[in-house]
Amino acid sequence: MATKKITNLSAITTPLLTDILPIVSDPAGSATTSKVTRQNLVGGSISIASNFVTASLSAVDITGMTFPIAASEIYAVQVYGTCSKATSADGLKFAINCPTSATIAGIQLGGGATLAAPLVPSLISSINTLGATLATGVGVQVSFVLSFRVVNSTNAGNIIIQCASVTANSATINAGTYMVFRKCTNV
């Protein structure tokens, strides 16, 4: 590639988490130009473009709600969205799938039987484990928030948001649900 000023390069309007950016480290001392991925620099955000529907009684991955975590990394994660249960008042549950060496701590806030019902808090303290039931109204769209911190140990992998229906009928995570995440520091 011919030498070009960065200001003369084409712009990317939707950068990927894995895109590489140039960065000058230690500009006041021994300046060196290095590279960094967008994810490692500023974290990222993901949203789902269409409704995700499942009738599974076991935790299943919500399509697109995942990002990689390397060994010895710590991430703060928030998921905001709405969900509903089609024909049963038995609700749905969320889980966070992480590498087996990871630990997690956080809170889930979820709506109940009506949209006007207050969000009820419950702890997130175990990876790969379904949490408290929410969305217990039939066909009622309720809000939810998952806010947690993952401390990873030796195994790289992915952080994946999952859900399950409490009874075998459709549970829906609505389009527009989104996740934001930020790398905090290394262990």
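Calculated mean residue ellipticity, 222 nm, the chain: -500 deg cm²/dmol, from DSSP H runs (n ≥ 4) at -39500 (n - 2.57) each, averaged per residue and rounded to 500. For the chain, how big is the tail of P(r) above 21 Å, as a whole percent of Cα pairs? Everything past 21 Å amounts to 55 percent. By the rule of a C-alpha distance below 24 Å, with chain neighbours fewer than 8 residues away ignored, the lysines paired with Lys4 are Lys35.
Summary of packing: across the peptides 56-69, 130-143, the per-residue average of other C-beta atoms within 10 Å ranks them, highest first, as 130-143, 56-69. What you get for region 38-187, charging only the Cβ of Lys and Arg (+1) and of Asp and Glu (-1), is a dipole of about 220 debye around the Cα centre. Sites count as exposed loop sites when they are trypsin sites (Lys or Arg not before Pro), lie in a DSSP loop, and have at most 10 other Cβ atoms within 10 angstrom; the longest stretch of the chain without one is 6-187. Note on region 20-148: antiparallel DSSP beta bridges, both residues inside, total approximately 95 percent of the bridges counted.
Annotation: lysines with alpha-carbon distance below 28 angstrom to Lys93 (same-chain offsets under eight excluded): Lys85, Lys183.
For the chain, averaging the sequence separation of C-alpha pairs within contact (under 8 Å, six or more residues apart) and dividing by the residue count gives a relative contact order of 34 percent. Averaging 1/r across all pairs of distinct Cα atoms in region 18-122 and inverting the result yields a Kirkwood radius of 17.6 Å.
FYI, it's all coordinate maths here, none of it is from the lab. Treat the numbers as computed from the prediction; the structure is a model and nothing was measured. Backbone-built Cβ (ideal geometry, glycine too); neighbour counts: all protein chains shown.
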